[in-house]
Amino acid sequence: MPDGLRQSLEMVLHTIFPPRCICCGAAVSSDFGLCGPCWRETHFITGCQCEACGAPLPGAAEAKVLCDDCLASPRPWLRGRAAFTYEGTGRQLVLAFKYADRLDLVQPLGEMLARTAAPLISPGMVVAPVPLHRLRLVKRMYNQSALLAQSMARRVRLPCLPDLFERKRATRSQEGLNRAAREANLEGAIRLRPKYAERIRGRPLLIVDDVMTSGATLAACEEAARAAGSGPVSVVVLARVAKDG
């Protein structure tokens, strides 16, 4: 389609359907944007952050440092990043996407995730989401992490295997559990589907999730990938639960 015609169509559509804030619905100047107040309440992680889990840290943005948690209990994966902290507008967007069938958020959140993942991308990398158990998938009707992974992978031009991992058994909710209990809850629950073993053997892998709290689910996926012979694993999430202090 010629650029002039495309621009004319966009103007007509914007006249009929003015762009709205993806969080609160207020009028904005462009599609898939945030209004001023919602933007200010989105705590993007843009400065210094933990090299392993993406938690925001004080200091120079260029520094490669680890947070206290990752120093005390090293992560099994290589590197990690998060787009924003799980509070304010970020938390509202995640909850709307995850539980309120806001599939219109796939595109803007996928773009945020692609920008966040840029430092992690390496040649030959494969993208894969954390899995849902089939019973939870039937109830929710979609795996939000798989939609994010596919959207992000298209933007960074990497192959995506949305069903690379499988939850072999249903696990209780992780909510309210400490890190040790979360890890125990997931022990042996996730495996890499054997049919993909050759596709990922020796190749770097980028695992995608919506929220990181303790990182137990991501660690279980990393363990399954490593057992199947993958190359180095990195992780990227939309939101990192803010740490106290």
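Would you mind stating whether residue 60 is among the hydrophobic types (A, V, I, L, M, F, W, C) and assigned to a loop (DSSP other than H, G, I, E, B)? It is true that residue 60 is among the hydrophobic types (A, V, I, L, M, F, W, C) and assigned to a loop (DSSP other than H, G, I, E, B). Listed by position, the helices (runs of 4 or more DSSP H) contained in the range 100-159 that have at least 2 residues being within 25 Å of residue 198 (Cβ to Cβ) are 144-156.
A single member of 48, 23 is modelled with pLDDT of 95 or more and either surrounded by fewer than 19 Cβ atoms within 10 Å (Cβ to Cβ) or out of contact with any Asp or Glu (no Cβ under 8 Å at 6 or more places or on another chain) (or both), and it is 23. Consider the range 133-150 and keep the residues that are farther than 14 Å from residue 237 by Cβ and among the polar types (S, T, N, Q). The one that is least open to solvent (accessible area, probe 1.4 Å) is 143. Among the residues examined, residue 64 does not qualify as under 15 Å from the mean Cα position of the chain (by Cα) and open to solvent by 10 Å² or more (accessible area, probe 1.4 Å).
Given the structure, is residue 207 modelled with pLDDT of 95 or more and either open to solvent by 20 Å² or more (accessible area, probe 1.4 Å) or β-branched (Val, Ile, Thr) (or both)? Criteria met by residue 207. For beta carbons closer than 7 Å, sequence separation of 6+ or different chains, a first residue in the range 146-174 that is more than 19 Å from residue 211 (Cα to Cα) and a second that is modelled with pLDDT of 95 or more and acidic (Asp, Glu), the qualifying pairs are 155/111. Scanning the range 77-101 for residues that are among the charged types (D, E, K, R) and at pLDDT 95 or above turns up 79, 81, 87, 91. Scan the range 88-111 residue by residue and report those that are open to solvent by 20 Å² or more (accessible area, probe 1.4 Å) and in contact with a strand residue (DSSP E or B) (Cβ under 9 Å, 6 or more places away or on another chain). Result: 91, 98. For the range 114-132, which positions are open to solvent by 20 Å² or more (accessible area, probe 1.4 Å) and either closer than 23 Å to residue 166 by Cα or basic (Lys, Arg) (or both)? If the condition is that a residue be open to solvent by 20 Å² or more (accessible area, probe 1.4 Å) and either closer than 23 Å to residue 166 by Cα or basic (Lys, Arg) (or both), then 115, 124, 132 are the ones that fit.
All of 151, 173 fail the test of being at pLDDT 95 or above and not aliphatic (A, V, I, L, M), apart from 151. The set of residues from the range 70-91 being in a helix (DSSP H, G or I) and over 20 Å from the mean Cα position of the chain (by Cα) comprises 71, 72.
The values are calculated or read from the model by the stated rules, or taken from the named source; none is laboratory data. Keep in mind the model is a prediction, meaning the values are calculated, not measured. Please note: Cβ atoms are built from the backbone with ideal geometry, for glycine as well, and neighbour counts cover all protein chains shown. Each accessible area value is taken on the protein alone, full model and side chains, heavy atoms only, with ligands, DNA and RNA left out. Shrake-Rupley method; radii C 1.70, N 1.55, O 1.52, S 1.80 Å.
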